[in-house]
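First comes the structure, then the notes that go with it.
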Amino acid sequence: YGNGVFVSLSVNSDEVIYSYDGITWFENYLPEYGQWNSIAYGNGMFVSIKSHNNKALYSHDGIFWAESETQIPSNWYSLSYGNGMFVSVNYYSSKILYSYDAVTWFTVDLENVANWGFITFGINKFVTISSGVHSNRSLTINDFIIEIEDVSYPVKREDILLNRVKSYTSNKTYTSDE
């Protein structure tokens, strides 16, 4: 939701639906068919990144969309907005993608490959969790100081509330290609 409109993209489609009240929905078409896994709103625009490709879409009204290109084609899985930038993680990669305007995109190379899941923004930082056989880690991006921490599963809600979650911080700092 943003700019007074609800917007949803369809995975493996070129369709976008939008609504001003969440009840009555309208349909329009994107410039390109694709696997649009995630959509984010920020800085007055909606943005989505095509998975298994180097295409991104952006729209100021959620109805009419323009296309831009990311630096590398990859399995971009999730996208979030915060602190003036859009950030995307790759499902099985060592790359992070980010943009300030949804037109020009930059990458950050991490030390290790991980199965990064959905990314979110809150408390002034981006956070995502990896899973699977490759790692159980969290990734925190705060003013582009990136910390990767080992986490234990399962983490219970009461453990978080009682601050009983222990982790190890690698204290690595990564730089972008900007």
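The values are calculated or read from the model by the stated rules, or taken from the named source; none is laboratory data. Source: prediction; values computed, not measured. Ligands, DNA and RNA are stripped out before the accessible areas are found, and what is left, the full protein with its side chains, is counted by its heavy atoms. Shrake-Rupley method; radii C 1.70, N 1.55, O 1.52, S 1.80 Å.
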- line: Rounded to the nearest whole number, the per residue volume of the convex hull around the C-alpha atoms of segment 1-99 in Å³ is 85 Å³
- request: Note down the accessible area of K50, probe 1.4 Å, to the nearest 10 Å².
  value: 20 Å²
